[in-house]
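To start, the structure itself, in structure tokens.
The values are calculated or read from the model by the stated rules, or taken from the named source; none is laboratory data. Since this is a predicted model, take the numbers as computed values, not measurements. Virtual Cβ from ideal backbone geometry, glycine too; neighbours counted across all protein chains shown. The accessibility values were calculated without ligands, DNA or RNA, using every heavy atom of the protein model including side chains. Shrake-Rupley method; radii C 1.70, N 1.55, O 1.52, S 1.80 Å.
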Amino acid sequence: MKNSFRSHRTVSLTVNGNDHSALVASNRTLADFLRENLELTGTNLGCEQGVCGACTVLLDGRSVRSCLTLAAQAEGQSVTTIEGLSKQGEPLHPVQEAFSRFHALQCGYCTPGFIIAVLELLDEPVPITRDLVRERLSGNLCRCTGYQNIISAVMSLLENET
Amino acid sequence: MKFPPFDYAAPSTIEEAVELLNSRSIESKILAGGQSLLPLLAFRLARPDLLIDLQAIPALSEYRRTDEGFQVGAMTRHRTLELDLELANACPMLAEALSVLGHVAIRNAGTVGGSLAHADPAAEWPVLSMVLDAKMEIAGPKTLRTVNADAFFSGWFETAIGDDEILVRTTFNLPPPGHGSAFEEVARRHGDFAISGVAAVIETDGLTITNARIGLAGAAPIPIRVPEAERCLVGKTLAGNQLELVGEAARDAGDPSPDAHATVEYKRHLAQVLTKRAVSRAFARSISQSGSQQ
Amino acid sequence: MVEKFVGAGLSRFEDHRLVTGEAKFMADIPLPDCLEAAFIRSHFAAAEIKSIDTSEALKIEGVQAIFTASDLTNIEPALTRDFYNLTPEFVERHSVELRAYREPLLALDRVRRVGEPVALVIATDRSIAEDAAELVDIEYQELPAVADILSALDPDAPLVNPEVPGNVDATFEVSVGTPIRNMPSHLRQLFRTFRIGRSVGCPIENRGVMAKWDPEDSRLTVWSSTQIPHLLRSYIAESLRSETEAIRVIVPDMGGSFGGGVYPEEVLIPFAARELGKPVRWLEDRTESLVNARHSRDLSIDATLLYDDAGTLHALDLDIRQDTGAYNPFGLTLPFNIASHARGPYSIENFGARGVCVLTNKTRNTPVRGAGRPEATFVIDRLIDMAARSLSIDPAEIRKRNLIPSDAMPSDQGMLYRDGAPLIYDSGDYPDQLRKALDLAGYEDFRERQVEFRALGRAVGIGISCHVEATGIGPHEDARMTVNESGKVLVYTGSCPHGQSHETTLAQIAADELSVSPEDVVVYSRDTDLVPLGVGTFGSRSAVTAGSVVQQASVSLRERLLSLASEFLECAESDLVLQGGKVSPKDAPHLGLSFGELAKKASSQSETPLSRPSDLALEVEERFSPSAVTFGSGTHIAIVEVDTDTGLVTVLEYFVVADCGTIINPLVVDGQQHGGIVHGLGNMLLEESDYDSFAQPMTTTFLDYLLPVALDIPPMTVLHSPHPTPLNPLGVKGAGEGATASAPAAIANAIVDAVSPTPIDLTEMPISPCRLIELLRPSI
């Protein structure tokens, strides 16, 4: 067999405001690091090829596919996952609350990825129209909701902001 | 699938990166944004022994506008250019191309250099580099050489970058203000790989076209220009059946391959349709720009 | 004024854990020391297995075991139980012939499709298991394969299964009224062959199975992404030659499903866990899922429609051929569903259908959302539009002339449904539904707008589809209800939600009957230890069956509460009132007892104080067995624009008027409508699971199999026009699949209308932009 070694490296990064350092295989994805090393299982894996968006997290404030990011590439950076939006027992983040209010989820598997994408969308430096919302959300797949309620949830957040 | 095993290095200089690429008798691959490479690893279609991550080399992330256009270090993310609104105004073709390049999450991680080195003929940056007369700077163990875009792409996912070399910077030339540009693409869904794409840059003097550059994505194993179409336009205005001739030249250009979503005939048909659209819009933008120049 | 919860758009109780990421999907459940599995699957569509050499693979550090078919001694090495229970009357009435189903867990000496499991590798992590899988050396001798219906039916075709002659696995026949060959010859006739492509259920979560063997009590706990935990438990017990009581099936939070059955993996992983004495987990990846799970549709339908010059439909005749893949556990379910829904809400007195399930060397065909209804609706609504065009009648007008009028309801369709009961449209007003839909969509105005669009060079069109949907199939559903000492009402039900919001909707039903708040009702499901009896969630059945049984059980519980309170308060039941979680004398509310207090008193009165906590006297068990399916219906109207240069289709607007019977939660039902519409849109414009002529799957990644995205969807306007069914006390009908039934047809009809200056013959689903250009420009 060609590759007879597995190399490891120590990766240090901040996740949801907490510092972490761990020895991981070089080929470990950020998604698997979050889910398995840190037991933050809110980030879900739908395809592991960067298309479905269920694994989306924020890396230094920018959305990325954690399945197409090596844990090693996140060295020294700051990651936000769905678990970072609200603490147990505390009120939900406005995006989470809007998703529930508008029935923007059914099975919920794609939802963490959508919520992270929406966080970034709300900070877009351009005017956010309904069409832009639809375009930006096109990077996340949902099979249950048909998207309409997700779009409505996001539009409601924009109205609240103005 | 899970990635096959590999080693990982994150050098902090270009020299170190080149040395790593060459110093071991194993297979190494350059890791830029990873948005093209990592899916290959996910399907176990590539099994490098070592990934050399360029993200820790500051020089490679430099991006600047110049008098002639702009320069991008190989690690400049697509999103960095997308957020340069001045560039978008100066060259709408770029904004249009970037808006359909994957999705924001892909553009945050993916890089211009990575996209050029990956050399998917249906991708946006390869065809943009052809119509913007890009020059690629390639670093090897003892050399730093420059290759023009029209010599850079050599075949399906193949470039002039040698096994011991790294693409470090690309310089793009924008025509002087007063030009018009447009990008057209057909994909099954927004952000998907293009079935066919066209980039057009038109310069005019009054209503007369002084320069035309038309590039096709997805029409051949490499991105191509359409000199027959360009010749149709230079020295003329866009009237009569000029646009038809341009479209026909684009339809007949290249050597498209069929795939799951498209027959050869359909790809040729799209090249014709999209070239006409791109040229019309680029021309309209150019003459309105020239108008505002006067 | 007592607040009613049935009909209220409550936010869901499920949401909190899902929006915070706290939900535990299969891959999130921590199981200490769990091993990981990877399957080795055939990459030939048809081959003999000559040898399997696992020696090199076994040397890899971390590999625990590699199982092949020869290791499956002491268990049933194949799945043989099928997914249909046909009554003898049905079999006779519809001339059913079925072959026996047998699908090996692991292929022994022959593979019949790409992706068929051949070996199972168990290792300490998935990456190692995959590395080892690559080293297993399997020698195949390739055989010729059949990749489509025509090839499979060719007299010289190789046999997919040597025991199934002609590759014909199942047949049936339906005949209502006059056979088409005896119909008057002066009638106008349309004949078309419709091609429905193969599509995939494609939930965002892939399948998974996890199992743990407890040697102390000799029990297996199995977690699986199934819609039918009780049936699965029986299958596993039978296969592993165990008692059902020794198996516990738990369904975690599940990321959608859209269709299923029982798969070999669901038996093999528990087997491996028991053999190794260690927990084992298998998480499917996306490519595996696209190749192996929830394949559906894939039919060729020859259709003949007879009609007269006034546009009245006289007869419909179908030859339905389904590409059922290499194994057929669902028998004739899908093609019979097509026959059952083929006439839709239209009055067509003479109907004939013959169905054939054809074996090919592809993945097995499974009913997936819609399950024949989209295919049937596509055929009839396309034919009706063609008939309208031939007569220069507007498509809305021809439908008005043919929809079953309300005074003809209930309408017996002259055949049996696959549950064995007569197929009767129990309630609905189809002409009224169409009228409302035309109004909602501004149909009249649209025709004027269309003239303006055409003047601008835009090809915009409008399309109509009317469907019926059989929902709430039996055999039954079960519920147990009790009250705990904190006063919470506990519901244990056999439904198996995977996005359908049962924790909320069933609570709403119970809350109404018991005059409590839904927050005080807790719904448990998806665990065969907690809920020993049940059937599951599929075929749009849960609102009807689980809803009805919870309603029944709630009524029983209410009676029990009253009877207990009457005893403890020494008061006649007629003098008691239930309100706010208390049972009180009408004229002395302060003397009432709360549900919790009643529960305490009931358990303390029990004769065996050491009995299990669940042995409260305050407990009821019910079963609801529907006498027949209940028919929902819907009229869909789509407005689309076709870019006639590129073939790209944009759905601009979408309108639905639906009859889902009594609505428990309008947010939930509308969500089902939206999801169903977009699923149907995907089926019509984007989704196809393709095989080449060697039966090699071509659609193996998410860039090949295209699900709709947010930019693909139109604004969807849904209006409800419910006609509660008399078949259950709440009057509910199912709502999960109807929207998928009409969306492809409405969009297809709109496409044809949009390009109608260039008439095209659209008889296929899906249609790609490339294919649409071919239809529009045959000369290119």
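Using a ≥ b ≥ c from the Cα gyration tensor of region B:110-191 (square roots of the eigenvalues), is it rounded, prolate or oblate, where a/c under 1.5 gives rounded and otherwise the larger of a/b and b/c decides, a/b for prolate?
Numbers: a/c = 2.44, a/b = 1.38, b/c = 1.77.
Oblate.
Classify the protein assembly as shown from the C-alpha gyration tensor, please: rounded if a/c falls under 1.5, else prolate or oblate depending on whether a/b exceeds b/c.
Working: a/c = 1.56, a/b = 1.29, b/c = 1.21.
It is prolate, given that a/c is not under 1.5 and a/b is the larger ratio.
How much mean residue ellipticity at 222 nm does chain B get from its helices, if each DSSP H run of length 4 or more adds -39500 (n - 2.57) and you divide by all residues, to the nearest 500 deg cm²/dmol? Intermediate results must be reported in sequence, preceding the final value.
Details: 12 runs with 108 residues, N = 294.
It comes out at -10500 deg cm²/dmol, rounded to the nearest 500.
Inside 10 Å of the C-beta atoms of C:710-723, what's the mean count of C-beta atoms belonging to other chains?
On the way: counts 19, 11, 6, 6, 1, 3, 3, 1, 1, 0, 0, 0, 0, 0.
Average neighbour count from other chains, rounded to a whole number: 4.
Tell me the accessible surface of B:E265 in square angstrom (1.4 angstrom probe, heavy atoms of protein chains only), to the nearest ten.
Result for B:E265: roughly 100 Å² accessible.
Could you sort the residues of region A:99-114 by number and keep only those whose accessible area is reduced by 40 Å² or more in the all-protein-chain setting relative to the chain alone, 1.4 Å probe?
Residues meeting the cut-off: A:S100, A:H103, A:L105, A:Q106, A:C107, A:Y109.
Got the relative contact order for region A:94-161 handy, in percent, Cα pairs under 8 Å and 6 or more residues apart? Walk me through the numbers on the way to the answer.
Numbers: 55 pairs, mean separation 36.5, N = 68.
Once divided by the residue count of region A:94-161, the mean separation gives 54 percent.
Please work out whether chain C counts as rounded, prolate or oblate from its C-alpha gyration tensor, where a ≥ b ≥ c are the square roots of the eigenvalues and a/c under 1.5 means rounded, while otherwise a/b larger than b/c means prolate and anything else oblate? Present the calculation step by step, with values, prior to reporting the outcome.
On the way: a/c = 1.84, a/b = 1.11, b/c = 1.65.
It is oblate, given that a/c is not under 1.5 and a/b is not larger than b/c.
In peptide C:11-18, how many Cβ atoms from other protein chains are near each Cβ within 10 Å, on average?
Values: counts 5, 5, 0, 5, 12, 4, 2, 12.
Mean partner-chain Cβ count within 10 Å for C:11-18: 6.
Which net charge results for the neighbourhood of C:T699, defined as the other residues with beta-carbon distances under 10 angstrom from its beta-carbon, given Lys and Arg at +1 and Asp and Glu at -1? Each step should come with its number before you reach the end.
Numbers: positive: C:R198; negative: C:E687, C:E688, C:D690, C:D704.
Once all neighbours under 10 Å are counted, the net charge is -3.
On a C-alpha basis, how far is the centre of region C:278-333 from the centre of region C:378-423 in Å? Whole number, if you could?
Using only Cα atoms to place each centre, the spacing works out to 21 Å.
At 222 nm, what value in deg cm²/dmol follows for chain C if DSSP H runs of at least 4 each add -39500 (n - 2.57) and the sum is divided by all its residues, to the nearest 500?
Working: 19 runs with 218 residues, N = 780.
Only helices count here, giving -8500 deg cm²/dmol.
Sort A:E97, B:E82, C:E245 by accessible area with a 1.4 Å probe, largest first. Intermediate values should be presented prior to the final figure.
Numbers: A:E97 75, B:E82 35, C:E245 125 Å².
Descending accessible area places them as C:E245, A:E97, B:E82.
Restricting to DSSP H runs of at least four residues, report the calculated mean residue ellipticity at 222 nm for chain A, -39500 (n - 2.57) per run over all residues, nearest 500 deg cm²/dmol. Don't skip to the end; give the middle numbers.
On the way: 4 runs with 41 residues, N = 162.
So the calculated ellipticity at 222 nm is -7500 deg cm²/dmol.
With a 1.4 Å probe and every protein chain kept in, tell me what percent of the accessible surface of chain C is carbon plus sulfur. Display every interim value, and only then the final one.
On the way: 13200 of 26720 Å².
In chain C, the share of accessible area belonging to carbon and sulfur is 49 percent.
What is the dipole size for chain C, taken about its Cα centre, with +1 at each Lys and Arg Cβ and -1 at each Asp and Glu Cβ, in debye to the nearest 20? Numbers along the way, then the final one.
Working: 66 positive and 111 negative charges, 193 e Å.
So the dipole magnitude of chain C works out to roughly 920 debye.
In Å², and per residue, what accessible area does region C:203-292 have when probed at 1.4 Å with the other protein chains present? Can you show the working numbers first?
Details: 2430 Å² over 90 residues.
Ligands and nucleic acids excluded, the figure is 27 Å² per residue.
Put +1 on the Cβ of each Lys and Arg and -1 on the Cβ of each Asp and Glu in the protein assembly as shown; which of C:L578, C:L648, C:M698 then has its Cα farthest toward the positive end of the dipole?
Comparing the listed Cα positions along the dipole, C:L648 ranks first.
Any chance you could give the angle, 0 to 90 degrees and rounded to 10, that helix B:264-293 forms with the longest Cα principal axis of chain B?
That works out to roughly 70 degrees.
Over chain A, with every protein chain in place, what whole percent of the accessible area is carbon and sulfur at 1.4 Å, could you tell me?
About 46 percent, which is the carbon plus sulfur part of the accessible surface.
I'd like the mean, over residues of A:128-139, of how many other protein chain beta carbons sit within 10 Å of each residue's own Cβ.
On the way: counts 0, 0, 1, 1, 0, 2, 6, 9, 6, 4, 12, 10.
Mean inter-chain Cβ contacts per residue within 10 Å come to 4.
In whole Hz and in residue order, list the ³J(HN,Hα) couplings for region B:200-215 that follow from phi through the Karplus curve 6.51 cos²θ - 1.76 cosθ + 1.60, θ = phi - 60°; x for Gly and Pro.
With coefficients 6.51, -1.76 and 1.60, one gets 10, 10, 10, 10, 10, 10, x, 9, 9, 7, 9, 8, 9, 10, 10, x Hz.
With an 8 Å cut-off on Cα pairs and a minimum separation of 6 or more residues, tell me the relative contact order of region A:8-82 in percent.
On the way: 146 pairs, mean separation 28.8, N = 75.
RCO, region A:8-82: 38 percent.
Can you pull out the buried accessible area for chains B and A, both sides counted, probe 1.4 Å, rounded to the nearest 100 Å²? Provide the component values of the computation, followed by the final result.
Details: alone 13410 and 9260 Å², together 19810 Å².
Approximately 2900 Å², summed over both chains.
Work out the charge dipole of chain A with +1 on the Cβ of Lys and Arg and -1 on the Cβ of Asp and Glu about the Cα centre, then indicate which of A:F99, A:I82, A:T43 is farthest towards its positive end.
A:T43
Could you list the trypsin sites (Lys or Arg not before Pro) in region B:1-53 that lie in coil according to DSSP, counting only those with at most 13 other Cβ atoms within 10 Å of their Cβ? Could the numbers behind the result be given before it?
On the way: sites: B:K2, B:R24, B:K29, B:R44; in loops: B:K2, B:R24, B:R44.
Those satisfying the criteria are B:R24.
Express in Å², to the nearest 10, the accessible area of C:L685 obtained by rolling a 1.4 Å probe over the protein heavy atoms while all chains stay in place.
20 Å²
Could you work out the relative contact order of chain C? I mean the mean sequence separation of Cα pairs under 8 Å and 6+ apart, divided by the number of residues, in percent. Please list the in-between numbers first.
Values: 1925 pairs, mean separation 122.1, N = 780.
About 16 percent, as a whole number.
Leaving out ligands, DNA and RNA, calculate the buried accessible area for the pair C and B with a 1.4 Å probe, summed over both sides, in Å² to the nearest 100.
Numbers: alone 29660 and 13410 Å², together 40880 Å².
Summed over both sides, the interface buries about 2200 Å².
What figure in square angstrom, to the nearest 10, would you give for the accessible area of C:K586 with a 1.4 Å probe?
130 Å²
For a quick check of your reading of the filter: which trypsin sites (Lys or Arg not before Pro) in region A:1-88 sit in a DSSP loop and have no more than 11 other Cβ atoms within 10 Å?
Numbers: sites: A:K2, A:R6, A:R9, A:R28, A:R35, A:R62, A:R65, A:K87; in loops: A:K2, A:R6, A:R28, A:K87.
Filter output for region A:1-88: A:K2, A:K87.
Tell me, what is the per residue accessible area of region C:1-79 in Å², probe radius 1.4 Å? Present the calculation step by step, with values, prior to reporting the outcome.
Details: 3680 Å² over 79 residues.
Result: 47 Å² of accessible area for each residue.
Taking θ = phi - 60°, what integer Hz values does the Karplus form 6.51 cos²θ - 1.76 cosθ + 1.60 yield along region B:136-146, in sequence order, with x for Gly and Pro?
So the Karplus estimates, Gly and Pro as x, are 9, 9, 10, 9, x, x, 10, 10, 9, 10, 10 Hz.
Could you identify which residue out of A:L70, A:L38, A:L121 has the top mean-square fluctuation in a GNM of chain A using Cα springs shorter than 10 Å?
For chain A, modelled as a Gaussian network with Cα springs under 10 Å, the answer is A:L38.
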